[in-house]
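Chemist: Please read through the structure below; I'll follow up with questions.
The values are calculated or read from the model by the stated rules, or taken from the named source; none is laboratory data. Worth saying up front: this structure is predicted, and the values here are computed from it rather than measured. All Cβ positions, glycine included, derive from the backbone under ideal geometry; neighbour counts span all protein chains shown.
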Amino acid sequence: MENEAILTNDQRYTIFRYGRYTIRFRAPYSLEKYIQVKEWDHGYLVVMAKYRHHEATEEEYIDLIPILEKLYFDADVFLKPIEKVRISYD
């Protein structure tokens, strides 16, 4: 899907992919994997995540705007076309 971004993780990093961009940033130390995107709101994600130290999944919050700004992205322009974010470990 053209207006869909991908969220995943790899060891110590969260990975957000959209179009030709792959943005990696530090994930919580005990994160095993992201399970579900519950909400996407123009750079703000509410996701369910599985951590090594808990049996149950937990709600996690990710705000991409400060990350994008530190990378000198125009966050509004970058995020505007994204309609959906999904989890993928392919």
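Chemist: Any residue in segment 3-17 that's over 10 Å from I87 (Cα atoms) and in contact (Cβ under 8 Å) with a residue 60 or more places away in the chain: show its pairings with residues that are charged (D, E, K, R) and assigned to a strand (DSSP E or B) at Cβ separation under 9 Å, as long as the two are six or more apart or on different chains.
Modeler: Listed pairs, sorted by first residue: N3/K84; E4/K84; E4/R86.
Chemist: When the residues of segment 60-90 are narrowed to those that are loosely packed, with under 10 Cβ neighbours inside 10 Å and among the charged types (D, E, K, R), which ends up farthest from Y18 (Cα to Cα)?
Modeler: Within segment 60-90, the match that is farthest from Y18 (Cα to Cα) is K70.
Chemist: Okay, moving on. Return the pair list, or none, for Cβ contacts closer than 7 Å from residues in segment 74-85 that are closer than 14 Å to L45 by Cβ to residues that are among the polar types (S, T, N, Q) and outside any helix (DSSP H, G or I), at least 6 apart or on different chains.
Modeler: I82/N3; E83/N3; K84/N3
Chemist: Restricting to segment 34-46, name every residue that is surrounded by 15 or more Cβ atoms within 10 Å (Cβ to Cβ) and either assigned to a strand (DSSP E or B) or basic (K, R) (or both).
Modeler: If the condition is that a residue be surrounded by 15 or more Cβ atoms within 10 Å (Cβ to Cβ) and either assigned to a strand (DSSP E or B) or basic (K, R) (or both), then Y34, V37, W40, L45 are the ones that fit.
Chemist: Here's something else I'd like to know. Kindly establish whether Y29 is exposed (fewer than 11 other Cβ atoms within 10 Å of the Cβ), of a type outside the set (G, A, S) and either under 12 Å from A5 (Cα atoms) or touching a residue at least 60 places away in the same chain (Cβ under 8 Å) (or both).
Modeler: In short, no.
The rows are residues; the columns are (1) in contact with a Cys (Cβ under 6 Å, 6 or more places away or on another chain); (2) at pLDDT 95 or above; (3) not β-branched (V, I, T).
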| residue | (1), (2), (3) |
| --- | --- |
| L7 | no, yes, yes |
| T14 | no, yes, no |
| R17 | no, yes, yes |
| Y21 | no, yes, yes |
| Y34 | no, yes, yes |
| E39 | no, yes, yes |
| Y44 | no, yes, yes |
| H54 | no, no, yes |
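Chemist: So which of A49, A56 ends up being without any contact (Cβ under 8 Å) to a residue 40 or more places away in the chain and buried (at least 16 other Cβ atoms within 10 Å of the Cβ)?
Modeler: Going through A49, A56 in turn, just one is without any contact (Cβ under 8 Å) to a residue 40 or more places away in the chain and buried (at least 16 other Cβ atoms within 10 Å of the Cβ): A49.
Chemist: In the list P28, P81, which residue meets the criterion of being in a loop (DSSP other than H, G, I, E, B) and at pLDDT 95 or above? Outline the logic, then answer.
Modeler: Numbers: P28 fails: at pLDDT 95 or above.
Just one listed residue meets the conditions, P81.
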